[in-house]
Amino acid sequence: MPFPQQRPRRLRRTPALRGLIREVDLSPRHLIAPLFVKEGIAEPLPIPSMPGHAQHTLESLRKEAREIASKGVLAFVLFGVPGRKDAEGSEAWNPAGIAQKGLQALREELGDEAVLVADLCLDEYTDHGHCGVVGPDGAVDNDRTVELYERIAVVQSHAGADLVAPSGMMDGQVAAIRRALDDAGRTSTGILAYAAKFASSFYGPFRYAAECAPKFGDRAGYQMDPANAGEALREIRTDIEEGADLVMVKPALPYLDVIRLAKQETGFPLAAYNVSGEYAMVKAAAGNGWIDGPRATLEVLTSIRRAGADLILTYHAKEAADWLQ
Ligand code: PBG
C-alpha cells in the first residue's frame, strides 16, 4: 500500500511528539540499588566483574548510599558478607552481624527518606554456600531452614528493614516469616518475596561479590527450572496467598515473559531483579566498545518496565539515575 492512511512516523518526528505517546516511563523512583557490605575490611574492595561496585565498609556504604539517594534512587537492598561462616549460617541472625550493622548505618544516614530492603537468605553465611541447612542426604532441609529464616526476619526488622526479602526459595517461607514478624510485634515490616527465582547462570558475578558460591552441588533443588513459566505463576500466587506484600521475578531479561504473565494475571505490586550477570554482560560489551553502554542500559531497564515490572532491582541504578536526568 503506497499511501496508507496510518502513518505512525508522524508521531515519531520530534522528541516532543515521541514523548507525548510514550507508553511506559522509567525514572529513579522505579529503581532499587543493591549494595554489599563486608565485615573486617578497612577499605572498599572493588568487584572486578561488576565495574562500579564494591564490597563496602560500613563507612563507604553510607557514603555510596547517600550519593545514590541524592540522584533520586531512594530504595536499597543490602547484602552482608560476614567474617565468619558456619554450617547453619548463624551470623545471619546475629543482632550485631554485619548486615544488621549495615541496615542500622543506612537508616542513621538516610532516615525515613530511604526504603531499606534486607535480602533474607543463608548462602552468604553458611560455610558450604547453600541457602539453607544441609541434611544428611546432602539436600537443603526445607523446614529447618525456614525456622532460621524466621529468626533472621525478626532481627532484620529490628535493625531497620522496611522490607525483608526472602530469596532462598524454600516452600512456605513467606507464611512462616509473616507469622514470625507478627508474633514479634513487627506487623509493619513488609515482605518482598523472591517468588519466582530461577536457577540461573546469570548469578555468577554476585556469587563472587557475596562470597556465596555453593561448595558442592548446585541450587537446582530449590530454585526454579528456567523452562517453567506456569510453575512461576503458581509460585507467585502461593507467595501472595502466604502474605507477600510485593513479589519478584528473578532474573529479569531472560524472563520478561514471566514478568508480563505475573503482572497480567495477578495485578500485584511486582519487582524484577536485573541480576549481576545481566549487568556484567552490558558492562563487558560496552567496555569493549561493542555497544553504547548508556543507551543499552536504558533500553534494558525500559524493556523490564514495559514487560510489567513496577520496580527494578538493578546494579545500574546509580548511573541510570544520572542518565535519566
Ligand atoms: C541469594 C541471592 C542470590 C542473588 C540474590 N540473592 C544468589 C543465588 O541465588 O545464588 C543473585 C543476585 C544477582 O546475581 O545479582 N542470597
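Could you line up S276, S303 from fewest to most neighbouring Cβ atoms inside 10 Å? Please report the intermediate quantities before stating the final value.
Details: S276 25, S303 17.
Result, fewest neighbours first: S303, S276.
Provide the percentage of antiparallel DSSP beta bridges, counting only those with both residues in the chain; round to the nearest 5. Please report the intermediate quantities before stating the final value.
Working: 3 of 37 bridges.
In the chain, DSSP labels about 10 percent of beta bridges as antiparallel.
Centre-to-centre, using Cα atoms only, the range 48-81 and the range 263-302 are separated by 18 Å.
Arrange the peptides 104-116, 67-79 so that the one whose residues have, on average, the most other Cβ atoms within 10 Å appears first. Display every interim value, and only then the final one.
On the way: 104-116: 16.2, 67-79: 20.2.
The most tightly packed comes first, giving 67-79, 104-116.
Determine the alpha carbon to alpha carbon distance for each of K215/K318; K38/K283; K101/K263; K38/K71 and list only those over 28 Å.
Values: K215/K318 32 Å; K38/K283 23 Å; K101/K263 35 Å; K38/K71 24 Å.
Beyond 28 Å between Cα atoms: K215/K318; K101/K263.
Give me the angle, in degrees from 0 to 90, between the Cα long axis of helix 173-183 and the longest principal axis of the Cα atoms of the chain, rounded to the nearest 10. For helix 173-183, the angle is close to 60 degrees. The range 83-108 and the range 206-242 have Cα centres lying 23 Å from one another.
Close amide H partners of D141, meaning residues 5 or more places away or on another chain with modelled amide H under 5 Å apart, are V133, V134, G135.
Does the range 24-324 come out rounded, prolate or oblate by the C-alpha gyration tensor, with a ≥ b ≥ c the root eigenvalues, rounded set by a/c under 1.5 and, if not, prolate when a/b is larger than b/c and oblate if not? Here the range 24-324 falls in the rounded category. Counting neighbouring Cβ atoms within 10 Å and putting the fewest first, the residues C212, C131 line up as C212, C131. Going from the fewest other Cβ atoms within 10 Å to the most, the residues I41, I191, I177 appear in the order I41, I191, I177.
In deg cm²/dmol, rounded to 500, what helix-only [θ] at 222 nm does the chain give when every DSSP H run of at least 4 residues adds -39500 (n - 2.57) and the total is split over its residues? Intermediate results must be reported in sequence, preceding the final value.
On the way: 11 runs with 126 residues, N = 325.
Mean residue ellipticity, 222 nm, calculated: -12000 deg cm²/dmol.
Only the coordinates and a few stated rules stand behind these numbers; no lab work does. In this text, all values refer to a predicted model and were calculated from it rather than measured experimentally. Using ideal geometry, Cβ is built from the backbone for each residue, glycine included, and neighbour counts are taken over all protein chains shown.
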